[in-house]
Amino acid sequence: MLQIGDVHIHLINDGNHWVDPGGAFGLVPRALWSHYATPDDDLLVPMVLNCLLLQTGGKNIVVDTGYGTKMPEKMQKILKLQRPRGGLVEGLARLGIQPGDIDLVIDTHLHADHASGNTCYDENGAIQPVFPNAEYVVQRREYQDAIHPNERTRATYLAENFQPLVESGQMRLLNGDTEFVAGVRGAVTPGHTPGHMSVVIESGDESAVFVCDMATYAVHFERLGWMTAYDVEPLVTLETKRRWQQWVLERDAILIFPHDSYRPVGRLQQASDGKLIVEPIEMAYV
């Protein structure tokens, strides 16, 4: 557990999966990226599915919901999806938190690996919210892109993950940067998608930011020119990272990454040669 002022941050693993390094590292050659990720026998690299539980002011806030439980078995095998810690709901249970105890769910964006756990199937096969008493929030621009997918995005924008929540009024669409509770706000950080959002925690003169897919791995935040092939607007990602590198350095803020299995949490430091490096911070999963 990490404490930033009055905000308690718990890191929860919804699972691990494996992807082609061409997706994870885009144009970066293997000779470079291999220093930061070790491929398996199928030449795939690991991605963890990190979710957060934020607790402050008597509120329980979930940030991103991972793949959830609706994925067909065939797709689980393709992704080599494993859940050694049982997933998000099981992680919450280890903290004594039930789905009905969650007050707010923040969707940084609506890609399937971040939002599929918003909903689940009931005993009759109907879609229902995983967190029945929570308000869900996402940027309006992200939702507009999700309901108008193209040939590149339609495989990851799955309506069952969000449309029932919008139609029922349980999901609120945001119009830009938004404070959710004292010390916790959403900041639009475009590039991965135009409506992508990071979550900023500022309390008691301390700061942290869940960058989400602004920087999939820690190395993506260190190096402006490194980004995934999944980014819809890669040059926008580059400039977004440039701004946030400065923000983080000025505040000595803690960084939390969505998919890094080696450095999920760290601090950005400037080395003697002027290069930026994320120094890992020990933070155990729930």
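The values are calculated or read from the model by the stated rules, or taken from the named source; none is laboratory data. Computed from a prediction, not measured in an experiment: that's the story for all the values here. So basically every Cβ, Gly included, is an ideal-geometry build from the backbone, and we count neighbours across all protein chains shown.
For region 31-50, does any single residue satisfy the condition of being on the phi > 0 side of the Ramachandran plot and in contact with a strand residue (DSSP E or B) (Cβ under 6 Å, 6 or more places away or on another chain)? Walk me through it before giving the result.
Applying the first criterion (on the phi > 0 side of the Ramachandran plot) to region 31-50 yields 43.
If we keep only those that are in contact with a strand residue (DSSP E or B) (Cβ under 6 Å, 6 or more places away or on another chain) as well, we get none.
The answer is no, given that none of the residues of region 31-50 is on the phi > 0 side of the Ramachandran plot and in contact with a strand residue (DSSP E or B) (Cβ under 6 Å, 6 or more places away or on another chain).
Okay, residues lined up against (1) surrounded by fewer than 19 Cβ atoms within 10 Å (Cβ to Cβ); (2) farther than 13 Å from Asn16 by Cα:
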| site | (1), (2) |
| --- | --- |
| Val63 | no, yes |
| Gly68 | no, no |
| Gln76 | yes, no |
| Leu79 | yes, no |
| Ala93 | yes, yes |
| Gln98 | yes, yes |
| Leu104 | no, yes |
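When restricted to residues that are over 20 Å from Ile256 (Cα atoms) and touching a strand residue (DSSP E or B) at 6+ places or on another chain (Cβ under 9 Å), region 96-116 contains 6. Entry remark, region 184-223: residues being in contact (Cβ under 8 Å) with a residue 40 or more places away in the chain, farther than 18 Å from Ala115 by Cβ and of a type in the set (A, V, I, L, M, F, W, C) number 8 in total.
Across region 98-116, what is the number of residues that are part of a loop (DSSP other than H, G, I, E, B) and of a type in the set (Val, Ile, Thr)? Let's see the steps before the verdict.
Step one: filter region 98-116 for residues part of a loop (DSSP other than H, G, I, E, B), giving 98, 102-103, 107-111.
Filter once more, so that each one left must be of a type in the set (Val, Ile, Thr): 102, 108.
Residues meeting the conditions: 2.
Could you say whether any residue in region 255-274 is at positive phi, without any contact (Cβ under 8 Å) to a residue 24 or more places away in the chain and not aliphatic (A, V, I, L, M)? Checked region 255-274: at least one residue is at positive phi, without any contact (Cβ under 8 Å) to a residue 24 or more places away in the chain and not aliphatic (A, V, I, L, M).
Take Val278 and decide whether it is aliphatic (A, V, I, L, M), at pLDDT 95 or above and over 21 Å from Asn13 (Cβ atoms). Spelling it out, it is not the case that Val278 is aliphatic (A, V, I, L, M), at pLDDT 95 or above and over 21 Å from Asn13 (Cβ atoms). Scanning region 81-91 for residues that are in contact with a Phe, Trp or Tyr (Cβ under 8 Å, 6 or more places away or on another chain), under 24 Å from His8 (Cβ atoms) and surrounded by fewer than 21 Cβ atoms within 10 Å (Cβ to Cβ) yields a count of 1. If a residue counts only when it is over 20 Å from the mean Cα position of the chain (by Cα) and surrounded by fewer than 17 Cβ atoms within 10 Å (Cβ to Cβ), which strands (runs of 3 or more DSSP E) contained entirely in region 117-214 have at least 2 such residues? Once the strands (runs of 3 or more DSSP E) in region 117-214 are filtered for at least 2 residues that are over 20 Å from the mean Cα position of the chain (by Cα) and surrounded by fewer than 17 Cβ atoms within 10 Å (Cβ to Cβ), what remains is 127-129. Residues of region 36-58 include at least one that is β-branched (Val, Ile, Thr), free of Cβ contacts under 8 Å to residues at least 60 places away in the same chain and within 24 Å of Met283 (Cα to Cα). Taking the conditions exactly as written (within 26 Å of Tyr136 (Cα to Cα), crowded, with 22+ Cβ neighbours inside 10 Å and at pLDDT 95 or above), does Trp226 satisfy them or not? Answer is no for this residue.
Going through region 70-120 one residue at a time, which ones are free of Cβ contacts under 8 Å to residues at least 24 places away in the same chain and among the β-branched types (Val, Ile, Thr)? Within region 70-120, just Ile78 meets the criteria.
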